[in-house]
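Each remark here refers to the structure printed beneath this line.
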Amino acid sequence: MKLEPYWLATAPKFGAAASGPVSGKVDVAIVGGGFTGLSAALALAKSGASVAVLEAGRVVGEASGRNGGHCNNGLAHDLGGLAQTLGLERASALYRAFDVAVDQVEVLIAREAIDCDFRRTGKIKLAAKPGHFAKLEKSAELLRREVEPDLVVVQPRDTRSEIGSDGFYGGLVFPRGAHMHMGRFGVGLAEAAARAGAAIHENAAVTGLHRLSGYAHRVVTPRGELEAKQVLLATGASRQGPFAWLRRRIVPVGSFIIATEPLSENLAGSIMPTRRTATTTKNIGNYFRLTPDNRLIFGGRARFALSSPTSDAKSGAILQARMLELFPQLAGTRIDYCWGGLVDMTSDRLPRAGERDGIFYSLGYSGHGTQMSVHMGQIMARVMGGDTAANPLAGLDWPAVPGHFGPPWFLPFVGAYYRYQDWRH
């Protein structure tokens, strides 16, 4: 078993990274070479701006290349619950922004000819307990009426037409969901941005930001420094750099994933005949999908801990046991890859984007970032060009997380709370 992300291990190397020192003057400096930063770099460079992307490691080496491979529409929230907080009109608008985001991914892939196995398979949200199905049915009424007219309710008796497991009790199918190879998409996006003229610097962590005037900053890295007329922070849950204000508002939560060896066609078909992406209704639930070569990618918040080789291996054992509990037909199946990553979680699980003290930002995708990060990269390019009305996240209040000043010491307590909720409800 390799303790590395399947997506990164099986992606081509990015061969267009800028060489030499970080120096000079640019229109825009982008901090972070994940999906948000690369998407913004592509859009800005195509608009004629000079762009430098500053990535602490390798492009898509963190959250963008360490997720479960899903690209789904819809919010992490119950639409009715969110409507009580924001109003139905704003909640529905945010839901539709995620719909547009999946479309944006598909458009970019086609336009830039990125080979990443993008497929519109739909997503199924599975009831993990009998009582959960009634809640799904109730939410389906509002979803169909307001935002998801093609939603399909799968009755408990029909669950096996979707999932070859006795561990679920019906579900909802969202037909617009998709999946793809995250590493190949990310490298393709980086190559497209480089072709458009963006300079992408790997191993160039930002260690200092010094405001010059207005939006202009001097940006410092170990490889040199540059001056930028504008700066976009696209760092996700990174714990590097001088970004204390953002860190007080984002909790880095570990999420862990395993990938099996390729399964036979019959075995793959027995567990996921529709080949959709799948999520479950528990707070500490699971998400899974098949790859084109029939590997099962199976993930979840197995432990409320940060990612490290030791933590990843412990979490992988928990995930394997859960996988076999749901799919006993996989007994004896080899696990080829195991990895973890950090989810940039906000307190209300809604992303944030805007400008503060002359610095633009977009982050906090809370585990649903594949599509929205790509979309918001494009959006922030427009915002930085003067189209502030383009931002669907504008105006959302963003208070600091109480008691959070650095490492998330409270994660074990959060985990205990959610386990209790899953046991109780």
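What follows draws every value from the coordinates through simple rules; no lab data is involved. Since we're looking at a predicted model, the values are computed, not measured. As a convention, Cβ positions derive from the backbone with ideal geometry for all residues, glycine included, and neighbour counts pool all protein chains shown.
Mean-square fluctuations from a GNM of the chain, with a 10 angstrom spring cutoff on Cα atoms, peak among S161, S311, S50 at S161. Ranking V105, G87, S139 by Cα position along the charge dipole of the range 52-147, where only Lys, Arg, Asp and Glu carry charges on their C-beta atoms, puts S139 farthest toward the positive end. Among the trypsin sites (Lys or Arg not before Pro) within the range 303-394, those in coil by DSSP and having at most 12 neighbouring Cβ atoms inside 10 Å are R334. If the chain linking R218 and A140 were pulled fully straight, counting 0.36 nm for each residue of separation and taking away their Cα-Cα distance, it would gain 23.1 nm. Overall, the chain carries a charge dipole of about 600 debye about its Cα centre when +1 sits on the Cβ of Lys and Arg and -1 on the Cβ of Asp and Glu, all other atoms neutral. The helix-only estimate of mean residue ellipticity at 222 nm for the chain, built from DSSP H runs of length n ≥ 4 each weighted as -39500 (n - 2.57), is -10000 deg cm²/dmol after division by the residue total. Hey, how much of the P(r) for the range 127-264 falls beyond 17 Å, as a percent of Cα pairs? I get 78 percent for the Cα pairs in the range 127-264 exceeding 17 Å. In this structure, the residue pairs whose Cα-Cα separation is over 27 Å, taken from K13/K282; K13/K314; K13/K229; K13/K46; K46/K125; K282/K314, are K13/K282; K13/K314; K13/K229; K46/K125. The spacing between the range 317-363 and the range 112-171, judged by their C-alpha centroids, is 19 Å. For K13, K229, the sequence from fewest to most other C-beta atoms within 10 Å is K13, K229. Our summary gives the chain a relative contact order of 24 percent, counting only alpha carbon pairs under 8 angstrom and 6 or more residues apart. Of the residues R289, R211, R275, the one that moves most in a GNM of the chain with alpha-carbon contacts below 10 Å is R211. Only one residue of A178, N72, V343 has its Cα farthest out toward the positive end of the dipole of the range 6-415, where Lys and Arg carry +1 and Asp and Glu -1 on Cβ, and that residue is V343.
Note on R195 and A390: the extension gain reaches 67.6 nm, defined as 0.36 nm multiplied by sequence separation minus the Cα-Cα distance. Relative contact order for the range 269-339: 20 percent, from Cα pairs under 8 Å spaced at least 6 residues apart, divided by residue count. Most simply put, the range 6-415 has about 70% antiparallel DSSP beta bridges, counting only bridges with both residues inside it.
Only one residue of L326, P222, G354 has its Cα farthest out toward the positive end of the dipole of the chain, where Lys and Arg carry +1 and Asp and Glu -1 on Cβ, and that residue is L326. Ordered by the count of other Cβ atoms within 10 Å of each Cβ, fewest first, S213, S270, S366 give S213, S270, S366.
Counting only chymotrypsin sites (Phe, Trp or Tyr not before Pro) that DSSP places in a loop and that have at most 15 other Cβ atoms within 10 Å, the longest clean stretch of the chain runs over 1-404.
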